[in-house]
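The values are calculated or read from the model by the stated rules, or taken from the named source; none is laboratory data. These numbers were taken from a predicted model, which means no experiment stands behind them. All Cβ positions, even for glycine, are placed from backbone atoms using ideal geometry, and neighbour counts span all protein chains on display. Keep in mind that these areas ignore ligands, DNA and RNA; they rest on the heavy atoms of the full protein, side chains included. Shrake-Rupley method; radii C 1.70, N 1.55, O 1.52, S 1.80 Å.
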Amino acid sequence: MLKDITIGQHFPGNSPVHRLDPRIKILATIAYVVFLFLATNAVGLVLSIAMVLALYVVAQIPLKMLKKSLKPMIPIIIFTVILNLFFITGDGDPLFRVWKISVYTEGIMFCIVMIVRILCLISGTSLLTYTTSPIQLTDGLERLMKPLNVVKFPVHEMAMMMTIALRFIPTLIEETDKIISAQKSRGAMLDSGSFTDRVKALVPILIPLFISAFRRADELATAMECRCYHGGANRTRLKQLKITSNDIICTAVCVVAFGVIFATRFFFTPLI
Amino acid sequence: MIKATNLLFGYSEEREKALNGVNFTAEKGEFIAVLGSNGCGKSTLAKHFNAILLPEEGTVEVEGMLTTQDDRLFDIRQKVGMVFQNPDNQIVATIVEEDVAFALENMGVEPSEIRRRIDEAMEKTGVYKFKDKAPHHLSGGQKQRVAIAGIIAMRPDYIVLDEPTAMLDPEGRRKVLKTIKSLNKEYGITVILITHYMDEAAQADRIVVMSKGKVVKEGTPKEIFSQVELVKSLSLDVPQTSEIAYELGKLGHNLSTEAISIDECAQQLYNFLKG
Ligand SMILES: Nc1ncnc2c1ncn2[C@@H]1O[C@H](COP(=O)(O)OP(=O)(O)OP(=O)(O)O)[C@@H](O)[C@H]1O
Ligand SMILES: [Mg+2]
């Protein structure tokens, strides 16, 4: 049934990575991406790969999942490789020529670095969504972005919108299911006919869905008012995020790993 | 005490007034059922009790505070909780306990106190065992009890329920009604229950009947339902128990339509059949 689809790609578990404070996880992911782009030598890149793989092992995420998230990247990688391989020119003689295009060592090096970066980038950010539930993610983002309140950025409102969206996705999916059945029982042909016919057949599904969504929104707003909702001012939270020893250890491990990756810059010659 | 005096309200200029001079009081500790046909203004009246709607003319007072007093708005909403028909459209958070905590978070209650109060509220409504679940995995009746828990976590003195059982199956309906009754009897919360189910109304201390934006009749369930013809003329039903007595009465048998509980009715029929 449509109702059972999971939102995002959360893979529940109880590993140190799962238990890590979402704020630290978000910041560590951003840091990882930054250091990935600072690592231009072979050792740094290998360490980056090793780090993300180690985290997958610790988090006990099956590598099948990793493969699934990397698969959509293949066309992008092929495109990057072709582009870089043929259009980057080096100082020395070309390595070989294909028809009128010459391939240089620099081009090959650049390709390797780009492939590693793309793969690590996707693996790293996927790890964040695998090990953090959408609610924790929203919560972490809200708390991290709190300082933006100073410049009048509506942090609380954004987080509230995300929470409500997450809350209503299953409800609306279920409703879509019902409307589709209702329209089919009235003779709507949703799975046959030309492309334009099928698009037209969507209209009688979308219109009731929107009308109902607006009615729901209206009722939800009233219900929220009844519960004293008045925006983010003076609001407290049930769940306080507390820094635990697990958080401190994980942070320390990350800092050391990032430090080592960065330090390789000074000891090894860059590939590009 | 909630007290509405000569309350007048219309949604728009052109249309007929939805409330046309309503007088209504709810004393502390009462269990009141509000009856009336579709569109007679029950929901509109309910929304006046916690300042979701404000009177055009007349006043609504909650424990001495006028609903038009801006500075008392949140005090009023904390005192008068409100539950609606569709549980799906009242649940805000993606986890049951977070939803129950929503009102308290808005009120700025300390986290440790929130924890204590929501656990208590979830115990009272019997949803504690679902506290870590996602709302969309619960049945309608369970969701409605979560919504009630979210309200009583505010520790209101009054709870207004607008057809809370209309979308539920008999089992869900029974459990929700049991919860409502226990809130009233055991915890002393004043209950104002809007309903189309006469068997629910029969359990109230007092029934208020509305028609065309006015309160037309008030009394105990016995007083109201024994006047079968009057109730029917307002396009409402009487409980089946009164109906039996009424129909037998039409055939010339002398039975009391005041026997509205099933036990009373059964006893009366037993006596009648024995001769
Ligand atoms: N949001 C609104 N805008 C305009 N008119 C409304 C609105 N809500 C209700 N009305 C009108 O006000 C009148 C009273 O409606 P209300 O919802 O209070 O009735 P009700 O007794 O709760 O009916 P029901 O038993 O169907 O819930 C009706 O004529 C209705 O059409
Ligand atoms: Mg109504």
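Step by step: first the residues of the stretch B:1-19, then only those that are over 19 Å from residue B:193 (Cβ atoms) and touching a residue at least 60 places away in the same chain (Cβ under 8 Å), then the one that is least open to solvent (accessible area, probe 1.4 Å). Which residue is that?
B:18
Tally the residues that are more than 14 Å from chain A (Cβ to nearest Cβ) and either more than 10 Å from ligand 1 (Cβ to nearest atom) or among the β-branched types (Val, Ile, Thr) (or both), restricting the search to the stretch B:37-59.
Looking only at that region, the number is 5.
Which one is nearest to ligand 1 (Cβ to nearest atom), of the residues in the stretch B:205-222 that are open to solvent by 50 Å² or more (accessible area, probe 1.4 Å) and free of Cβ contacts under 8 Å to residues at least 60 places away in the same chain?
Here the answer is B:216.
Quick check on the stretch B:6-15. Is at least one of its residues within 16 Å of ligand 2 (Cβ to nearest atom), assigned to a loop (DSSP other than H, G, I, E, B) and within 14 Å of chain A (Cβ to nearest Cβ)?
So far as the stretch B:6-15 goes, yes, one or more of its residues are within 16 Å of ligand 2 (Cβ to nearest atom), assigned to a loop (DSSP other than H, G, I, E, B) and within 14 Å of chain A (Cβ to nearest Cβ).
One line per residue, one yes/no per condition, for (1) open to solvent by 50 Å² or more (accessible area, probe 1.4 Å); (2) in a helix (DSSP H, G or I); (3) within 14 Å of chain B (Cβ to nearest Cβ):
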| site | (1), (2), (3) |
| --- | --- |
| A:153 | yes, no, no |
| A:156 | no, yes, yes |
| A:161 | yes, yes, yes |
| A:181 | yes, yes, no |
| A:184 | yes, yes, no |
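Looking at (1) open to solvent by 30 Å² or more (accessible area, probe 1.4 Å); (2) over 19 Å from residue A:49 (Cβ atoms); (3) part of a helix (DSSP H, G or I), which one does residue A:94 not meet, given that it meets all the others?
Going through the list (1) open to solvent by 30 Å² or more (accessible area, probe 1.4 Å); (2) over 19 Å from residue A:49 (Cβ atoms); (3) part of a helix (DSSP H, G or I), residue A:94 breaks only (3).
Of all helices (runs of 4 or more DSSP H) completely enclosed by the stretch B:80-173, which ones contain at least 2 residues that are touching a residue at least 12 places away in the same chain (Cβ under 8 Å) and more than 12 Å from chain A (Cβ to nearest Cβ)?
B:111-125, B:140-152
Quick one: count up the residues across the stretch B:157-204 that are farther than 17 Å from residue B:236 by Cβ, open to solvent by 40 Å² or more (accessible area, probe 1.4 Å) and within 12 Å of the chain's Cα centre (by Cα).
1
Assess whether residue B:75 counts as being away from every other protein chain (no Cβ under 12 Å), more than 20 Å from the chain's Cα centre (by Cα) and part of a helix (DSSP H, G or I).
no
Any idea which of B:62, B:22, B:34 is within 14 Å of chain A (Cβ to nearest Cβ), open to solvent by less than 40 Å² (accessible area, probe 1.4 Å) and either more than 16 Å from ligand 2 (Cβ to nearest atom) or of a type outside the set (D, E, K, R) (or both)?
Among B:62, B:22, B:34, only B:62 is within 14 Å of chain A (Cβ to nearest Cβ), open to solvent by less than 40 Å² (accessible area, probe 1.4 Å) and either more than 16 Å from ligand 2 (Cβ to nearest atom) or of a type outside the set (D, E, K, R) (or both).
Of everything in the stretch B:205-218, what is more than 15 Å from the chain's Cα centre (by Cα) and either modelled with pLDDT of 95 or more or of a type in the set (A, V, I, L, M, F, W, C) (or both)? Give them in sequence order.
Answer for the stretch B:205-218, where residues must be more than 15 Å from the chain's Cα centre (by Cα) and either modelled with pLDDT of 95 or more or of a type in the set (A, V, I, L, M, F, W, C) (or both): B:215, B:216.
How about the stretch A:240-264: which of its residues are more than 24 Å from the chain's Cα centre (by Cα) and surrounded by 16 or more Cβ atoms within 10 Å (Cβ to Cβ)?
A:264
Give me the residue from the stretch B:37-56 that is on the phi > 0 side of the Ramachandran plot and more than 16 Å from the chain's Cα centre (by Cα) and, out of that set, nearest to ligand 2 (Cβ to nearest atom).
By that ranking, first place goes to B:39.
If residue A:167 satisfies all but one of (1) among the basic types (Lys, Arg); (2) crowded, with 17+ Cβ neighbours inside 10 Å; (3) more than 31 Å from the chain's Cα centre (by Cα), what's the number of the condition it fails?
Only one criterion is unmet by residue A:167, namely (3).
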